[in-house]
1. Within region B:2-19, can you find the residues that are more than 11 Å from chain A (Cβ to nearest Cβ) and touching a residue at least 60 places away in the same chain (Cβ under 8 Å)?
2. What is the number of the single condition among (1) in contact (Cβ under 8 Å) with a residue 40 or more places away in the chain; (2) more than 13 Å from chain A (Cβ to nearest Cβ); (3) farther than 21 Å from residue A:25 by Cα that residue B:168 does not meet?
3. For region B:97-104, state whether one or more residues are part of a helix (DSSP H, G or I) and closer than 25 Å to residue A:14 by Cβ.
4. For region A:1-107, list the helices (runs of 4 or more DSSP H) that sit wholly inside it and hold at least 3 residues that are buried (at least 16 other Cβ atoms within 10 Å of the Cβ); which are they?
5. Quick test for you: out of B:116, B:59, B:82, B:41, pick the one residue that is modelled with pLDDT of 95 or more, surrounded by 12 or more Cβ atoms within 10 Å (Cβ to Cβ), under 30 Å from residue B:144 (Cα atoms) and in contact with a strand residue (DSSP E or B) (Cβ under 7 Å, 6 or more places away or on another chain).
6. So, residue B:216, is that one at pLDDT 95 or above, surrounded by fewer than 18 Cβ atoms within 10 Å (Cβ to Cβ), more than 10 Å from chain A (Cβ to nearest Cβ) and on the phi > 0 side of the Ramachandran plot or not?
7. Just to verify a result, which residue in region B:134-163, among those that are surrounded by fewer than 14 Cβ atoms within 10 Å (Cβ to Cβ) and either within 13 Å of chain A (Cβ to nearest Cβ) or in contact (Cβ under 8 Å) with a residue 40 or more places away in the chain (or both), is nearest to the chain's Cα centre (by Cα)?
8. Read through the list (1) touching a residue at least 24 places away in the same chain (Cβ under 8 Å); (2) surrounded by fewer than 22 Cβ atoms within 10 Å (Cβ to Cβ); (3) away from chain A (no Cβ under 13 Å), then give the number of the only condition that residue B:54 fails.
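The values are calculated or read from the model by the stated rules, or taken from the named source; none is laboratory data. If you're wondering where the values come from, they're calculated on a predicted model, not measured in any experiment. Note: ideal-geometry Cβ built from the backbone for every residue, glycine included; neighbour counts use all protein chains shown.
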């Protein structure tokens, strides 16, 4: 029988099966947050189209965005921005400085700083509403 | 102690799809190499099990395979390096055609390797003695020159999985080895080959190659130096 090599599995299956080390986890998160931010751009532009329907339509929409649900979503959006930005800087250091030699330490900084910024933003955003909520209980 | 190996099998003359087969083998201690266990299977239980191995000491690079989900050399991986309490999964290198069992077709890998002209090019007349290179300049090449062409890096790279034209970490590492060689005169020819969307720029610094390299070469660092050189060339 003629020699017939078996073609490899598809890249999605290979990605799922292969061991994920810290570098590849960082890359996967970078891709996911990048896709999330791209999707958000479209939502953002769509939201702005209410401007074409006059000031009232726009103000009504802005009121909707001031609801707690949208604040939480905004906070989550901030987490995408923070990770994508910080890891983007890590990639620049890996590519243009000697970051490839200490990329895991850089990643630890990305995660650490990311969590601090995320919690910090949460405090800034929700300090007042939470304080008000407790005040109303008294 | 008893250890279970779960080996991916594929016989092109009989099977339409690869399948897994389990073998229970006897291992002396944690320092036993995966290669010895594979040889035990071949010699004692199933002579048809097919895999490459030559020097068996991490020099020839022929027994690259995926062990417990990660590319490694079977001869350089000890039992203590993997979780042997559960069946050890042994598969051929990923994203590359399978010839039989754990043997893969490396033709494409070598084609890409040859594309970067992996040999010294110097058209100047030879000097009376050797082409001199200082110790400092030679040291810049030592790490990249450790490559044994096992293919663990290129077949571990998600960029290679999704782009079959990507030249891959092994070829880029070899490009570095000659581009930064002070005795070589063909740096531009090689840089032209890697300065493409399927060349150095396809490296997304995922570091799978670095994790997989059995010779502990920081391939991503070498690719970053190539990228820098490419950018400097444009300026």
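1. The initial filter retains those residues of region B:2-19 that are more than 11 Å from chain A (Cβ to nearest Cβ), namely B:2-7, B:9, B:19.
Within region B:2-19, B:3, B:4, B:5, B:6, B:7, B:9 qualify.
2. Among (1) in contact (Cβ under 8 Å) with a residue 40 or more places away in the chain; (2) more than 13 Å from chain A (Cβ to nearest Cβ); (3) farther than 21 Å from residue A:25 by Cα, residue B:168 violates only (3).
3. From region B:97-104, those part of a helix (DSSP H, G or I) are none; that's our starting set.
So far as region B:97-104 goes, no, none of its residues is part of a helix (DSSP H, G or I) and closer than 25 Å to residue A:14 by Cβ.
4. Details: elements: A:11-17, A:22-48, A:55-65, A:68-96.
In region A:1-107, A:11-17, A:22-48, A:68-96 are the helices (runs of 4 or more DSSP H) which contain 3 or more residues that are buried (at least 16 other Cβ atoms within 10 Å of the Cβ).
5. Numbers: B:116 fails: in contact with a strand residue (DSSP E or B) (Cβ under 7 Å, 6 or more places away or on another chain); B:59 fails: in contact with a strand residue (DSSP E or B) (Cβ under 7 Å, 6 or more places away or on another chain); B:41 fails: under 30 Å from residue B:144 (Cα atoms).
Of B:116, B:59, B:82, B:41, the one residue that is modelled with pLDDT of 95 or more, surrounded by 12 or more Cβ atoms within 10 Å (Cβ to Cβ), under 30 Å from residue B:144 (Cα atoms) and in contact with a strand residue (DSSP E or B) (Cβ under 7 Å, 6 or more places away or on another chain) is B:82.
6. Numbers: at pLDDT 95 or above: yes; surrounded by fewer than 18 Cβ atoms within 10 Å (Cβ to Cβ): yes; more than 10 Å from chain A (Cβ to nearest Cβ): yes; on the phi > 0 side of the Ramachandran plot: yes.
Yes; evaluated as a whole, the condition is true for this residue.
7. By that ranking, first place goes to B:137.
8. (1)
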